Amino acid sequence: MNTLAEEFERHWVTSLIGFFLLCFGVWMLTWNEGRAVHHAHSLDETYNNAIILNTYEKPSEEHNGKVVHASGNIQIDEPLTEFGYGIAIQAVKLKRRVQMYQWVEERTPRNDEDNNIDTMATMTHDYYYVTEWRDKLIDSSNFYIRHGHVNPKEIPLKTVTYISPIVKLGHLLVGNEIKDKFDDFVEVASDEHPDRKDVKLHMGIYYHCDDVWNPQVGDIRVQFYYAGGSGEPVTIIAKHNNGVLVPYETSKGHRIALLRLGNLNLNQMFSEEHFDARLETWKLRGFGFFILYASTVCMSKLIKIMVFQVPLFNFFSGDSLSFGNIVLAFSLALCVIATAWIMYRPMLGASLFFAAVSPFLYYTMGVWNRRLPLKFEIHLKN
């Protein structure tokens with residue numbers, strides 16, 4: 001078997017890639033778990049300090065500066081409007097989405113064999129040009145074939161989101177940072193034709209063109225969406241600051257402001273928030289494990305040399321090399337996760353550490369059980 005230096009010299013490229021992936025995977029898991037721990041700590045602190053507030057009663061002075069749980073129907077006095085299209089809706093947000101009909105370049109790879117060089121092939125592309133509705137401006141000056149495929153230099157009408165200046169929940173005003181959390185947009189279904197002759201309404205979409213069925217490059221269309229309609233039930237957990245709901249800053253410096261549609265009690269709010277946080281954390285955990293596995297695959301030959309003399313790591317030899325990579329990546333990922341949680345939740349951290357070393361303990365017990373009868377037989381012969 002080659003030495004470690006010889007093996008690294010033979011596979012230095014893949015080994016360096018594996019080392020980089022190892023560092024990146026450990027860093028990403030550490031960052032992800034640190035973020036998850038701090039977020040869980042902030043949620044627990046907010047939960048312990050929260051008080052239930054009746055939004056139908058005027059809050060007293062003792063509620064000022066406290067974390068409150070407020071539930072009820074949101075109220076918007078003045079509607080958000082787009083007079084040019086006859087849109088007026090009482091909602092927290094009104095979004096105007098603008099799209100332009102533009103040329104789009106598509107290309108597909110093609111192998112053109114050279115008649116003079118039979119063994120060589122040059123890679124070129126076939127270019128196609130189609131027209132589509134797009135939200136962003138496409139720069140046609142970068143097209144391979146620019147003649148006949150020219151897009152306008154700008155979109156005359158911009159996509160914009162209007163936010164209602166005054167939003168109430170009972171006797172409380174909703175702060176701007178909580179208004180931003182209203183992002184469940186619903187399309188405005190309007191059948192009222194605008195007074196403008198240059199605008200045509202079809203299927204709830206406003207077209208700035210001569211023919212809806214045959215648009216030309218440069219034509220635009222407009223759609224409207226709203227979020228947080230007046231009268232919708234919502235639940236907010238935030239800080240009560242002189243009659244305004246604003247984010248609560250925890251002892252760790254995290255700003256917490258929770259918003260959910262519907263009337264939810266305190267436990268339901270935090271249960272759903274913890275579930276969403278765990279789901280996001282597990283997505284990154286899976287990605288981090290994949291990176292660590294890729295790093296062990298790249299460095300598998302070096303790892304095999306380093307642990308060849310250790311019976312505990314014999315699952316890296318032979319046909320079980322792929323299984324050994326999975327075990328090592330799994331254990332390393334769990335060790336990183338356990339390190340992050342050991343101080344905040346000791347039982348969870350200890351359990352994760354045990355799970356990290358369990359494959360090695362299992363293999364050690366198997367080796368011990370196989371060697372024990374052999375030692376006993378040798379002892380009897382002596």
Among the candidates K136, K168, which residue alone is loosely packed, with under 15 Cβ neighbours inside 10 Å and either hydrophobic (A, V, I, L, M, F, W, C) or modelled with pLDDT of 90 or more (or both)? K136
I'm trying to understand the selection: among the residues of the stretch 20-53, which are among the small types (G, A, S) and closer than 24 Å to T235 by Cβ? A36, A40, S42, A50
Residue in the stretch 107-123 that is part of a strand (DSSP E or B), surrounded by 11 or more Cβ atoms within 10 Å (Cβ to Cβ) and modelled with pLDDT of 85 or more present: yes
How many residues, within the stretch 146-165, are loosely packed, with under 12 Cβ neighbours inside 10 Å and either free of Cβ contacts under 8 Å to residues at least 40 places away in the same chain or not assigned by TED's automatic domain parsing to the domain that holds I76 (or both)? 4
Selection count where residues are assigned to a strand (DSSP E or B) and in the same structural domain as L292 (by TED's automatic domain parsing), scope the stretch 27-66: 0
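Yes/no matrix, rows are residues, columns are (1) touching a Phe, Trp or Tyr at 6+ places or on another chain (Cβ under 7 Å); (2) closer than 30 Å to D198 by Cβ; (3) polar (S, T, N, Q); (4) surrounded by 14 or more Cβ atoms within 10 Å (Cβ to Cβ):
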| position | (1), (2), (3), (4) |
| --- | --- |
| G231 | no, no, no, no |
| H240 | no, no, no, yes |
| H254 | no, no, no, yes |
| L258 | no, no, no, yes |
| G262 | no, no, no, no |
| F270 | yes, no, no, yes |
| H274 | no, no, no, yes |
| W282 | no, no, no, no |
Looking at the stretch 228-285, which of the residues that are touching a helix residue (DSSP H, G or I) at 6+ places or on another chain (Cβ under 7 Å) and among the small types (G, A, S) is modelled with the lowest pLDDT? S251
State which residue is farthest from L157 (Cα to Cα) when the search covers only the stretch 191-207 and only residues that are under 36 Å from the mean Cα position of the chain (by Cα) and part of a loop (DSSP other than H, G, I, E, B). M203
Restrict the check to the stretch 74-97 and report whether at least one residue is in the same structural domain as H147 (by TED's automatic domain parsing) and more than 25 Å from E187 (Cα to Cα). no
Does any residue of the stretch 161-168 turn out to be in a strand (DSSP E or B) and among the polar types (S, T, N, Q)? yes
Looking at the stretch 197-217 only, could you name the residues that are touching a residue at least 24 places away in the same chain (Cβ under 8 Å) and surrounded by 16 or more Cβ atoms within 10 Å (Cβ to Cβ)? V199, Y206, H208, C209, P215
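The values are calculated or read from the model by the stated rules, or taken from the named source; none is laboratory data. Being a predicted model, the structure only gives us computed values, none of them experimental. Counting neighbours? That spans all protein chains shown, and the Cβs are built from the backbone with ideal geometry, glycine included.
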